[in-house]
Amino acid sequence: MRVEEHPIINFTRGKKVNFFFNGREVEGYEGEPIAAALHAEGIKVLRHTHNKNRPRGFYCAIGNCSSCLMKVDGIPNVRVCVEALREGMHVQTQSGRGELRDNN
Amino acid sequence: MITTDIVVIGAGPAGLNAAITAASMGANVLLLERNVLEGGQLIKQTHKFFGSKAQHAAARGIDIAKALYQSASQYPNVTMKFGATVLGYYEDGVITAEHHESIITIKAKKYIVATGAAEKSLPFPNNDLPGIYGAGAVQTLTNVYGVLPGKKVLMIGSGNIGLIVSYQLLQAGVQVAGIVEAAPEIGGYLVHAAKIRRAGVPIYTSYTIKEAYGTEMVEGALIMQLDKNWQPLSGTEIDIPVDVVCIAVGLTPLTELLWQAGCKMKYVPQLGGHIPVRDENLTTTVSDIYVAGDVSGIEEASAAMVEGKLAGAAAASSLGYGSGKFAEIRREALAQLAELRSGPAGAKIRKGLKLLVG
Ligand SMILES: Cc1cc2nc3c(=O)[nH]c(=O)nc-3n(C[C@H](O)[C@H](O)[C@H](O)COP(=O)(O)OP(=O)(O)OC[C@H]3O[C@@H](n4cnc5c(N)ncnc54)[C@H](O)[C@@H]3O)c2cc1C
Ligand code: FES
């Protein structure tokens, strides 16, 4: 949910953009952290851990704790609390450690 | 490799003041900040600041951040890079930073580390469920991006952060189910607590969180009372259904770079954990590295700003800039710090600082 009216703050948001969460098209604002856009859509589970498969959301929101790792445009372990949203991004929940890409 | 006189790491109130002061004395300054926004913790602080006039009291944190940034931008000898995370400090005094997906190397004559602090976590069953967030994280989500964390929040911790974030959540239209405090007394200023109580939010002192529950996300928490010896009293559990639990149990300094550089560190619980040993001018035991703000011990933005000025002036003066100005700036800064740390509110900080020296 988004705050539309606030007694003190005037939110200046970027352009409205579409992006994909696990293949499903969702909306957000350009430049805001991916985690904020997901949260506004009610999506709180960002990954499942490698040992116990436990769900994780964000925790610190400043890029410090690595609780929020997701796969973004094929790249695993992206901290979505500090990664800016762009039009057409493919964001996926991550399971486990995330594989290294083969560059060859 | 980039070379300069002074590199400041972190653009919070401490780092911005350090850059402004050093630049005003004539030094060339490069300011590196990992966030894309300037101001550190200030960017989410919509409340009017406490403290004294000299440190912008009664102004809102968000406005202080803007004013400091504008003042730093006016100096041609200040360069600022945002989205630049400092990764490492090497033996030869070179640092590396990630900036726009490439690695840059920088060599400065002096470094001022002003990296601030991170929120602490708290151990209890299911503390990793989505919906359990740091209070500052929730403040960022709500006040910077205008996204609500959920419908109903349980706040753990009644220090100023717990109180202020609770109040700001109410302002944004979120319900606050209660504030839980393990100590027998409220930790933060009573003026803040009174505002929250007037809004009908209960503050449970001598209570702790026993566990959170939920399957994919938090659905509620059990809290329970503590006796005089901080032991849980069985049979006192209260079940509070909420979709968000905020943890506001204090901050801990972000000191990784200082450890890496070999600065001597000391454990001072009153100041948030391990902090760098330094002299009165905020020089660490590695003589080219200065510290300022929360990284050198958790206080408040007011103290961070004054420390920034002092460290900036000390670093610039050690390189021969602004001759004559340093003594004056130093005298003023030390007097302001003494004033900020005076009285009962500063007792804990004074005790911590004493431990650091002794
Ligand atoms: C909810 C809340 C309410 C508060 N209210 C008040 C108040 O009313 N009055 C008051 O005086 N104080 C208040 N404070 C405290 C105040 O915000 C902090 O004490 C102050 O911001 C500390 O300043 P700083 O510059 O040391 O650190 P910060 O503001 O934390 O800034 C540090 C900066 O360094 C950056 N950084 C960290 N690591 C790196 C790296 N490796 N490379 C590059 N950059 C890096 C960070 O991104 C950050 O921008 C409050 C704090 C909170 C959380
Ligand atoms: S939530 Fe901590 S790194 Fe993203």
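The values are calculated or read from the model by the stated rules, or taken from the named source; none is laboratory data. These numbers come from a predicted model, not from an experiment. Glycine gets a Cβ as well: all are built from the backbone with ideal geometry, and neighbour counts include every protein chain shown. Note: areas computed on protein heavy atoms with side chains; ligands, DNA, RNA excluded. Shrake-Rupley method; radii C 1.70, N 1.55, O 1.52, S 1.80 Å.
Taking first residues from segment A:42-67 that are more than 9 Å from chain B (Cβ to nearest Cβ) and surrounded by fewer than 21 Cβ atoms within 10 Å (Cβ to Cβ) and partners that are of a type in the set (Phe, Trp, Tyr) and outside any loop (DSSP other than H, G, I, E, B), the Cβ contacts under 9 Å between residues at least 6 apart in sequence or on separate chains come to A:Ile43/A:Phe21.
Enumerate the strands (runs of 3 or more DSSP E) found wholly within segment B:71-155, keeping only those where 1 or more residues are in contact (Cβ under 8 Å) with a residue 40 or more places away in the chain and within 16 Å of ligand 2 (Cβ to nearest atom). Explain how you work it out, then say what you get.
On the way: elements: B:78-82, B:84-89, B:94-99, B:102-113, B:117-119, B:132-134.
Because the criterion is at least 1 residues that are in contact (Cβ under 8 Å) with a residue 40 or more places away in the chain and within 16 Å of ligand 2 (Cβ to nearest atom), the strands (runs of 3 or more DSSP E) in segment B:71-155 that meet it are B:84-89, B:117-119, B:132-134.
Just one of the listed residues (A:Leu69, A:Leu100) is over 22 Å from B:Thr142 (Cβ atoms), hydrophobic (A, V, I, L, M, F, W, C) and more than 16 Å from ligand 2 (Cβ to nearest atom), namely A:Leu100. Of all residue pairs spaced 6 or more apart or on separate chains, those with beta-carbon atoms under 6 Å, a first member in segment B:20-45 that is on the phi < 0 side of the Ramachandran plot and a second member that is basic (Lys, Arg) are B:Thr21/B:Lys309; B:Met25/B:Lys325; B:Leu32/B:Lys81.
A:Asn53 falls short on exactly one of the conditions (1) under 14 Å from B:Val138 (Cβ atoms); (2) more than 11 Å from ligand 2 (Cβ to nearest atom), and that condition is (1).
For every residue, the table says whether it meets (1) more than 10 Å from chain A (Cβ to nearest Cβ); (2) within 14 Å of ligand 1 (Cβ to nearest atom); (3) over 17 Å from the mean Cα position of the chain (by Cα).
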site: B:Asp92; (1), (2), (3): yes, no, yes
site: B:Thr96; (1), (2), (3): yes, yes, yes
site: B:Lys110; (1), (2), (3): yes, no, yes
site: B:Asn126; (1), (2), (3): no, no, yes
site: B:Gly150; (1), (2), (3): no, no, yes
site: B:Asn160; (1), (2), (3): yes, yes, no
site: B:Leu169; (1), (2), (3): yes, yes, yes
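Against the test of being in contact (Cβ under 8 Å) with a residue 60 or more places away in the chain, buried (at least 21 other Cβ atoms within 10 Å of the Cβ) and among the acidic types (Asp, Glu), the options B:Glu307, B:Glu299, B:Glu339 yield a single qualifying residue, B:Glu307. Of the set (1) at negative phi; (2) away from chain A (no Cβ under 14 Å); (3) open to solvent by less than 40 Å² (accessible area, probe 1.4 Å), all apply to B:Asp279 but (3). Scanning segment B:225-244 for residues that are more than 16 Å from ligand 1 (Cβ to nearest atom) and within 14 Å of another protein chain (Cβ to nearest Cβ) returns B:Val242, B:Asp243. One residue alone among A:Glu99, A:Glu27 is away from chain B (no Cβ under 11 Å), assigned to a loop (DSSP other than H, G, I, E, B) and either under 12 Å from the mean Cα position of the chain (by Cα) or in contact (Cβ under 8 Å) with a residue 12 or more places away in the chain (or both), and that residue is A:Glu99.
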